[in-house]
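Report on one structure; see the data block that follows.
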Amino acid sequence: MDAIQHISPYLISNYVFPNDIHVHWSMMIVLYPYITGLVDGAFIVAALYYVFGVEKLKPVARFSLIFALAFLCCATLPLLLHLGRPERNLNMMITPSPHSAMAGFGYIYGISMGVLVLIILFIYRPFLVEQRLKSKGVMEILYRLLTFDSTNVSEKSLNMDKKIIKFLVAIGIPIACVLHGYVGFIFGGVKANPTWSTPLMPVIFLFSACVSGMSAIIFAYIITKTFTKQKIDMDCLKILVNTLAGFFILAFCFEMLEVFSHTYLRSGYHHMVEGLLNGPLRDSFWKYQVLYFSVVPLFLLGFICLLPIKQWLYKFTAFITSFLLLLQVLFMRWNVIIGGQLMSKSARGYTEFHPEWFDKEGIVAVIIVMAIPFIILFVLGRIFPFWEKDSVN
Amino acid sequence: MDNKISMDNKISDDRRSFIKKVLNGTIGGSLLLVFSAGAEIFKSPEDIPAQIPSLKNKEYEITKAHFAFIVDITKCIGCGSCCVADKREYNVADGYYRTWVERYLKDYDDNVYVDSPKGGLEGYQSPREDIDVKVRDTFFVPKLCNMCKEPPCVQVCPIGATFQTPDGFVLVDHKRCVGCGYCIQACPYSVRFLNPVTKTAEKCSWCYHRVRKGLQPACVSVCPTGARKFGDLNDENSEVSKILKGPGVITVLKREMGTFPGLYYIGARREVI
Ligand code: SF4
Ligand code: SF4
């Protein structure tokens, strides 16, 4: 407390409103934007190939889509675990309140899911048609459904597919941006919380989403290819790393801009925010989010993007950097969501948060929730082989 | 919902006249003030004679009433009776508060020390020994739902489980609430919490169930000093409308939030948040 008292005269008694002692949005709400962020970032990678024709990204394009789908399937899971009455969750879709930002979640989520599934089905149509012709019984019915009951893989129809895919991905981009910008807005729209209530919030969430998704793709690409002793396409990796660097610079600038504008303006709640960042969040914000997981990767990215270095070193650095950036985004989510709530609305003090192990929002639950998308990814990989070399094309 | 509620006076004449006698008697009155603020609340709500004058024996039209709550800080003695009444009325779980009382201490350097141990539930018998400064000023501030006219909690609730009634109440429909806690984040006054039993959002309701029977909120009826006042602003004779129309400085909390509270404070200093 001593340190905090020096910072702000308002904090003399560290008074926390009695109901503010509890952190209501805990670990699951940290995971929720993290997972949707991974979805968005991965989707953007795919979009770069399918819409903007960045041919060099072909090796990871399909994987990115399946990765996005696997994580999108789990995006509602943390929310359900968090709800006090999860059995009533559909109320949000049945009787949505038009004034509430959160009421749109079900619809935006549903639309993203629909578009993503359609994109994947069109992209895999030739492969699925082939499977359909080979299979019998239930599997045949399944493949019939997945191929829209069409076995037409003539060049004309494939060209048509391409157009449809381009169109779907093109509308998928704004949907992905809306999904994540909207997640940011849910926080930004809470005027009672000075660390959240900023118009920059959706932008920060959006860029950090792209950062996490791209890092995940790079990380998974390097790790799977290395373990299966396949060749890593260096052109593809370089484009990924360069794009990641661009997005990360933007994300980091906005994150810092937010802090520095607070610090410079020194208005209103500044003292409280300052006390928060230098008090309860000193380690998780300055040390981890900013120093270890932002400044270090920034240098690493500069190193591999600007200097001519050996391939193995490039791969190794890219691998490390993507891992650090995955953690950066996780810490950023933590600092925004948990950190924002550590500050009492009394503007006179901070509460504490200690995650439990076996709570429904505890550490074990977090590990399980984070493991499920990987299981789904594995299963999906059996149905939709995602690395280019397995392609039937 | 039925707009009109007939306000049957359930208290028999006998009992009423008896209570009147007790209330009018000086000894009885002062005894009540000293000892029975707590005892009063052990009775069932119907036994409490603190009816809202404007509602008594009158049909209550929900669209014509506009309720307001006034807290007079100059009168609050921090006894915690209101918190006890509230806790009993709603069986509020430990560690959560629908209403609470804060104690403010100010020293000669303008430093402000605020605390509210157990929400003031047990009153403030002892001074703060952890503060080694000369105290210049001290006062108590009861807190409860502000029944905002532009309530952020209603705005954010994704399913409309938190809603506003025409007579100025912001309430939670516990049968619909999904327990997402968005309203808890959005309330600038931190009066909301997640009920650990029902797992739905909960907050002070200004005792809506009592008000609709013509009774005062539980906390108002037990306050021994009259620091809490409640009534219909559309009734010119009610105490609250006289206070609000009269002279004197009356303020609301966190005006800059733009929530337009229906809870007013008399004598609140700028230190109060
Ligand atoms: S004080 Fe809080 S809970 Fe009460 S109406 Fe205002 S925002 Fe809603
Ligand atoms: S917790 Fe209940 S009342 Fe509050 S916003 Fe969620 S659904 Fe609405």
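The values are calculated or read from the model by the stated rules, or taken from the named source; none is laboratory data. Fair warning: this is a prediction, and the values are worked out from it, not measured in the lab. Because the Cβ atoms are built from the backbone with ideal geometry, glycine has one as well, and the counts that use them run over all protein chains shown. Please note that ligands, DNA and RNA were not included when accessible areas were found on the heavy atoms of the full protein model with its side chains. Shrake-Rupley method; radii C 1.70, N 1.55, O 1.52, S 1.80 Å.
In the list B:Glu271, B:Glu256, which residue meets the criterion of being open to solvent by 50 Å² or more (accessible area, probe 1.4 Å) and within 14 Å of another protein chain (Cβ to nearest Cβ)? Before you say what the answer is, go through the steps one by one.
Working: B:Glu271 fails: open to solvent by 50 Å² or more (accessible area, probe 1.4 Å).
Answer to the selection: B:Glu256.
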Spans of strands (runs of 3 or more DSSP E) in region B:133-178 with at least 2 residues away from ligand 1 (no atom under 15 Å from the Cβ): B:135-143
Residue, farthest from the chain's Cα centre (by Cα), within region B:242-262, restricted to residues that are aliphatic (A, V, I, L, M) and part of a loop (DSSP other than H, G, I, E, B): B:Val249
Residue count for region B:73-91, restricted to those that are in contact (Cβ under 8 Å) with a residue 60 or more places away in the chain and either open to solvent by less than 10 Å² (accessible area, probe 1.4 Å) or within 13 Å of another protein chain (Cβ to nearest Cβ) (or both): 5
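Looking only at residues in region B:158-176 that are at the interface with chain A (Cβ under 7 Å from one of its Cβ atoms) and open to solvent by 10 Å² or more (accessible area, probe 1.4 Å), which one is farthest from A:Lys345 (Cα to Cα)?
First, the residues of region B:158-176 that are at the interface with chain A (Cβ under 7 Å from one of its Cβ atoms): B:158-160, B:176.
Now restrict to residues that are open to solvent by 10 Å² or more (accessible area, probe 1.4 Å): B:160, B:176.
On the way: B:Gly160: 24, B:Arg176: 27 Å.
My answer is B:Arg176.
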Failed condition for B:Tyr264, given (1) open to solvent by 20 Å² or more (accessible area, probe 1.4 Å); (2) out of contact with any Ser or Thr (no Cβ under 9 Å at 6 or more places or on another chain); (3) at pLDDT 95 or above: (2)
Search result, residues across region A:186-200 that are part of a helix (DSSP H, G or I) and either more than 13 Å from chain B (Cβ to nearest Cβ) or over 22 Å from A:Phe248 (Cβ atoms) (or both): A:Ile186, A:Leu200
Unmet requirement for B:Ala227, which otherwise passes all of (1) more than 11 Å from chain A (Cβ to nearest Cβ); (2) open to solvent by less than 30 Å² (accessible area, probe 1.4 Å); (3) modelled with pLDDT under 95: (3)
Of the criteria (1) open to solvent by less than 70 Å² (accessible area, probe 1.4 Å); (2) under 26 Å from A:Ala220 (Cβ atoms); (3) of a type in the set (Val, Ile, Thr); (4) outside any loop (DSSP other than H, G, I, E, B), which one A:Ile309 fails: (4)
A:Ile111 more than 16 Å from ligand 2 (Cβ to nearest atom), open to solvent by 40 Å² or more (accessible area, probe 1.4 Å) and not aromatic (Phe, Trp, Tyr): yes
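Name the single residue that is modelled with the highest pLDDT among those in region A:87-116 being in contact with a Lys or Arg (Cβ under 9 Å, 6 or more places away or on another chain) and either outside any loop (DSSP other than H, G, I, E, B) or under 14 Å from A:Tyr182 (Cα atoms) (or both). Steps first, please.
Taking region A:87-116 first, the residues in contact with a Lys or Arg (Cβ under 9 Å, 6 or more places away or on another chain) are A:88, A:91, A:95.
Now drop any that are not either outside any loop (DSSP other than H, G, I, E, B) or under 14 Å from A:Tyr182 (Cα atoms) (or both), which leaves A:88, A:91.
Numbers: A:Arg88: 94, A:Asn91: 90.
Once the filter is applied, the top-ranked residue is A:Arg88.
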Complete set of residues in region A:222-261 that are of a type outside the set (Lys, Arg), open to solvent by 40 Å² or more (accessible area, probe 1.4 Å) and not in a helix (DSSP H, G or I): A:Thr228, A:Gln230, A:Asp233
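Restricting to region B:179-220, and then to whatever is in a helix (DSSP H, G or I) and more than 7 Å from chain A (Cβ to nearest Cβ), can you tell me which residue is most open to solvent (accessible area, probe 1.4 Å)?
B:His209
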Of the criteria (1) open to solvent by 30 Å² or more (accessible area, probe 1.4 Å); (2) away from every other protein chain (no Cβ under 14 Å); (3) among the polar types (S, T, N, Q), which one A:Asn91 fails: (2)
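A quick yes/no check of all residues on (1) within 11 Å of ligand 2 (Cβ to nearest atom); (2) closer than 27 Å to A:Pro96 by Cβ; (3) in contact (Cβ under 8 Å) with a residue 12 or more places away in the chain; (4) not aliphatic (A, V, I, L, M):
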| position | (1), (2), (3), (4) |
| --- | --- |
| B:Arg103 | no, no, yes, yes |
| B:Asp110 | no, no, no, yes |
| B:Ser116 | no, no, yes, yes |
| B:Leu121 | no, no, yes, no |
| B:Asp137 | no, no, yes, yes |
| B:Val154 | yes, yes, yes, no |
| B:Val178 | yes, yes, yes, no |
| B:Gln185 | yes, yes, yes, yes |
| B:Ser190 | no, yes, no, yes |
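Is it fair to say B:Arg136 is charged (D, E, K, R), under 22 Å from A:Tyr350 (Cα atoms) and within 14 Å of another protein chain (Cβ to nearest Cβ)?
Working: charged (D, E, K, R): yes; under 22 Å from A:Tyr350 (Cα atoms): no; within 14 Å of another protein chain (Cβ to nearest Cβ): yes.
No.
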Hits in region A:331-387 - residues which are within 14 Å of chain B (Cβ to nearest Cβ), part of a loop (DSSP other than H, G, I, E, B) and closer than 20 Å to A:Tyr32 by Cβ: A:Asp359, A:Lys360, A:Glu361
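So which residues in region B:183-200 are more than 9 Å from ligand 1 (Cβ to nearest atom) and among the charged types (D, E, K, R), if there are any at all? Explain how you work it out, then say what you get.
Initial filter on region B:183-200 (more than 9 Å from ligand 1 (Cβ to nearest atom)): B:185, B:193-200.
Selection gives B:Lys199 alone.
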Residue, farthest from B:Met147 (Cα to Cα), within region B:246-260, restricted to residues that are in contact with a helix residue (DSSP H, G or I) (Cβ under 8 Å, 6 or more places away or on another chain) and within 16 Å of ligand 1 (Cβ to nearest atom): B:Met257
Tabulated pairs, region A:271-293, first modelled with pLDDT of 90 or more, second hydrophobic (A, V, I, L, M, F, W, C) and not in a helix (DSSP H, G or I), C-beta under 8 angstrom, 6+ apart or interchain: A:Leu276/A:Met343
Residue within region A:65-83 that is assigned to a loop (DSSP other than H, G, I, E, B), more than 17 Å from the chain's Cα centre (by Cα) and at the interface with chain B (Cβ under 8 Å from one of its Cβ atoms) present: yes
